[in-house]
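Asker: My structure is below; once you've seen it, I'll send some questions.
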Amino acid sequence: MRVVHDAPGRDRATEPGGAEADAAGDPVPDCQDCGACCFADNPGHVPVTGDDFERLGPEEQTILTRFEANRCFMRTAGGRCINLVQEGARFGCAIYLRRPAVCRDYERGGAACSVDRERLIRRLAGENPSPG
Ligand code: SF4
Ligand code: SF4
């Protein structure tokens, strides 16, 4: 994601490139009303590059990330990226300005966005979609 938490005044839905509809013609929600791409049962959902790691403070590097051999990932907890913040029905990223490249490059309204939103809908409905 993709969603905003520590950048008041910015909203992914209003940023350039934000799509009104996906390839199927379905409307794309405001990211802060969605958060689907930050839900992840897969512990490798959010890879962290060396540059991503360097953007984090020393304490964040320890608390937020974990290593598998020489590969680094954001930690997950409860099926969500550890940085996903929920306030009521609104979602945000606690490290929005320092979020990893995979989150910066994620295309709102793109194919992955559609898949992640569908996966979350099925998960909330009690189905067991493949981990994302
Ligand atoms: S760091 Fe986590 S919460 Fe933030 S945008 Fe990336 S996946 Fe979402
Ligand atoms: S899945 Fe798409 S609409 Fe939802 S938060 Fe991520 S980028 Fe935004």
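What follows draws every value from the coordinates through simple rules; no lab data is involved. If you're wondering where the values come from, they're calculated on a predicted model, not measured in any experiment. So basically every Cβ, Gly included, is an ideal-geometry build from the backbone, and we count neighbours across all protein chains shown.
Asker: Any residue at all in segment 21-28 that is without any contact (Cβ under 8 Å) to a residue 12 or more places away in the chain and within 12 Å of ligand 2 (Cβ to nearest atom)? Reasoning before the result, please.
Answerer: Taking segment 21-28 and keeping what is without any contact (Cβ under 8 Å) to a residue 12 or more places away in the chain, we get 25, 27.
With within 12 Å of ligand 2 (Cβ to nearest atom) added as a condition, the list becomes 27.
Yes.
Asker: Working only within segment 84-128, note down all residues that are touching a Lys or Arg at 6+ places or on another chain (Cβ under 7 Å) and either at positive phi or within 14 Å of ligand 2 (Cβ to nearest atom) (or both). Steps first, answer last, please.
Answerer: First, pick out the residues of segment 84-128 that are touching a Lys or Arg at 6+ places or on another chain (Cβ under 7 Å): 93, 98, 103, 106, 108.
Selection gives C93, C103, Y106, R108.
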